[in-house]
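Peer 1: Please read through the structure below; I'll follow up with questions.
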Amino acid sequence: MTKEVRDYVAQKTKEMMEAFSCSAEAKAAGQAWLDALGTENEAAETEKYIAELEGDIMPIDMLIAFAESEGGAQVFGPEKTKEVAAHAKEIKAAGAKYCDCPACAAVEAILDRKDEMLK
């Protein structure tokens, strides 16, 4: 991985970890990856990190389904869940593949550089 890619992914990792919407698992994976940079564990942690992010990013159709569910209403509240579902449908229509919350947006940016991270 080049220094430019490492620096970019490190910045996006910090953005993801600071996001209100970041899961505990993604935060832990991000910290483990940051801690492994420059060590003999970097390559292995990079593979683990990518796998965690691929599992954590919310596909847009899943977000829509969740927002329209009873679980979504419990998480977002009855009114906000309608807004979230409408927003998700709007960004899907515009071509979005994933949720655009701060954590998912950072994860998508990281995964866009996945091939470069594995070099």
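The values are calculated or read from the model by the stated rules, or taken from the named source; none is laboratory data. Quick caveat: nothing in here was measured; it's all calculated off a predicted structure. We place every Cβ from the backbone using ideal geometry, glycine too, and count neighbours over all the protein chains shown. Please note that ligands, DNA and RNA were not included when accessible areas were found on the heavy atoms of the full protein model with its side chains. Shrake-Rupley method; radii C 1.70, N 1.55, O 1.52, S 1.80 Å.
Peer 1: Work the Kirkwood hydrodynamic radius out for the chain: mean of 1/r over every pair of different alpha-carbon atoms, inverted, in Å.
Peer 2: 15.0
Peer 1: In the Gaussian network model of the chain, springs joining C-alpha atoms below 10 Å, which of THR81, THR13, THR46 carries the largest mean-square fluctuation?
Peer 2: Answer for the Gaussian network model of the chain: THR81.
Peer 1: Cα axis of helix 42-56 to longest principal axis of the chain: angle in degrees, 0 to 90, nearest 10?
Peer 2: Once rounded, one gets 10 degrees.
Peer 1: Say each of GLU79 and ALA94 gets a label point 7 Å from the Cα, pointing the same way as Cα to Cβ; how far apart are those two points in nm?
Peer 2: For the pair GLU79/ALA94, the computed spacing is 2.4 nm.
Peer 1: Quick check: the angle from helix 24-36's long axis to the longest principal axis of the chain, C-alpha only, nearest 10 degrees?
Peer 2: That helix lies at roughly 20 degrees to the long axis.
Peer 1: Could you list, in their original order, any pairs among LYS3/LYS89; LYS27/LYS114; LYS12/LYS92 whose Cα atoms are separated by more than 26 Å?
Peer 2: Flagged as over cut-off: LYS3/LYS89.
Peer 1: Which value, in debye to the nearest 20, gives the size of the charge dipole of the chain about its Cα centre, when Lys and Arg are +1 and Asp and Glu are -1 at the Cβ?
Peer 2: 200
Peer 1: In addition: Skip the ligands, DNA and RNA, and give the accessible area per residue of the chain with a 1.4 Å probe, whole Å².
Peer 2: 58
Peer 1: Rounded to whole Hz and in sequence order, give me ³J(HN,Hα) for segment 60-66 from the Karplus expression 6.51 cos²θ - 1.76 cosθ + 1.60, θ = phi - 60°, writing x for Gly and Pro.
Peer 2: 4, 5, 5, 4, 4, 4, 5
Peer 1: Would you please give the residues with an amide H less than 5 Å from that of TYR98, counting only those at least 5 places away or on a separate chain, with H modeled from the backbone geometry?
Peer 2: HN-HN under 5 Å from TYR98: ILE60.
Peer 1: Same structure, new question: How large, in percent, is the carbon and sulfur part of the accessible surface of segment 12-112 at a probe radius of 1.4 Å?
Peer 2: On segment 12-112, the fraction of accessible area on carbon and sulfur atoms equals 54 percent.
Peer 1: Quick one: dipole size for segment 59-112, taken about the Cα centre, charges +1 on Lys/Arg Cβ and -1 on Asp/Glu Cβ, in debye to the nearest 20.
Peer 2: 60
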